[in-house]
Each structure stands twice: as C-alpha cells, then as structure tokens.
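Read the structure below first, then the notes.
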Amino acid sequence: MYRAHTVSVAVAVDPMKAYAYAGDPANLPEWAPAFVNSIERRGELWCAQTTLGEARFRFSPANTFGVLDHEVELPSGTFHNPMRVIPNGRGCEILFTLLQLPGVSDEDFKSDLDTVRNDLQTLRAVLEKRFGRNA
C-alpha cells in the first residue's frame, strides 16, 4: 500500500452546483491553473496542455454520489485521482486523495500536496464567487 493523504476544503455552495462545476473538465484551467493550461474535448477524451506536457483525462460518468474520480495519462504513466463532493449542511466538502507512488520522493509528495491544497482553495473561491455563499 502507498502513503495516502486526503485534502479537503469546505465550500459554502450547494453540493450539486459544486459537483456540476468541478465535474466539467472545461473548467479545469480556471481552478487548477498550476497544472492545466488549456483543455479540449477529443471524442471520448479530454486532452490538456499541462505543466508536465500533453495529458489525456478520463472522468467518471456523471453520478448522484458526488464522485469526480479521473485518470490522467501522461508520458510518465497513468494516474488515478480520487475526488469527491460530499454534502455538508447547506454547503459541501470537496476531497482529493493523493497517493505517494513508487519513485515519488517525500519532497515531491509534499509539493504535490501543496499544489492540491492551492487548487482546492482556488476551486472554493471560484465556486463561492460564481454561485454565492450559502451562509
């Protein structure tokens, strides 16, 4: 088993609105700009220009459980990224689990966690600005 860490952020937005926005790959450059520069749909795949080169994304089908899992295929391999939106009162929690795979140093894992934290903070800001805060 690999070392895992789940990062979460509380968002004062209806969970279905958060899910719909975060589940649309076209929005990735807005809330994950540290990784995704641009993205376009090519058939069943989403292809992105990223900080690590071209990547292909595959996303879980739309569902009522808040599952936003996705696979990212890079020249260095394919990575599964578990992600969820779960209801929390009138808002939601958005969670992303990062695994420390073989060959990833502790320093790189910490850097990746920092990037995920920043991306989720950006996602929160975008969602709360776009949809307003549910106080």
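The values are calculated or read from the model by the stated rules, or taken from the named source; none is laboratory data. What you are looking at is a predicted structure, and each value in this text was computed from that prediction instead of being measured. Cβ sites come from the backbone with ideal geometry, for glycine too, and all protein chains shown count toward neighbours. These accessible areas exclude ligands, DNA and RNA; they are computed on the full protein's heavy atoms, side chains included. Shrake-Rupley method; radii C 1.70, N 1.55, O 1.52, S 1.80 Å.
Does ASP114 satisfy the condition of being charged (D, E, K, R), open to solvent by 30 Å² or more (accessible area, probe 1.4 Å) and either within 17 Å of THR6 (Cβ to Cβ) or in contact with a strand residue (DSSP E or B) (Cβ under 8 Å, 6 or more places away or on another chain) (or both)? In short, yes. Among the residues of region 118-135, the ones that are in a helix (DSSP H, G or I), touching a residue at least 60 places away in the same chain (Cβ under 8 Å), exposed (fewer than 15 other Cβ atoms within 10 Å of the Cβ) and of a type in the set (Lys, Arg) come to 1 in all. Which one is farthest from CYS47 (Cα to Cα) among residues in region 28-37 that are in contact (Cβ under 8 Å) with a residue 60 or more places away in the chain and open to solvent by less than 30 Å² (accessible area, probe 1.4 Å)? Applying the filter and picking the extreme gives TRP31.
Tell me yes or no: at least one residue of region 74-83 is among the polar types (S, T, N, Q), within 26 Å of SER111 (Cβ to Cβ), touching a helix residue (DSSP H, G or I) at 6+ places or on another chain (Cβ under 9 Å) and outside any strand (DSSP E or B). No: region 74-83 contains no residue that is among the polar types (S, T, N, Q), within 26 Å of SER111 (Cβ to Cβ), touching a helix residue (DSSP H, G or I) at 6+ places or on another chain (Cβ under 9 Å) and outside any strand (DSSP E or B).
Looking at region 8-24, can you tell me whether even one residue there is buried (at least 17 other Cβ atoms within 10 Å of the Cβ), touching a Lys or Arg at 6+ places or on another chain (Cβ under 6 Å), touching a residue at least 40 places away in the same chain (Cβ under 8 Å) and assigned to a strand (DSSP E or B)? So far as region 8-24 goes, yes, one or more of its residues are buried (at least 17 other Cβ atoms within 10 Å of the Cβ), touching a Lys or Arg at 6+ places or on another chain (Cβ under 6 Å), touching a residue at least 40 places away in the same chain (Cβ under 8 Å) and assigned to a strand (DSSP E or B).
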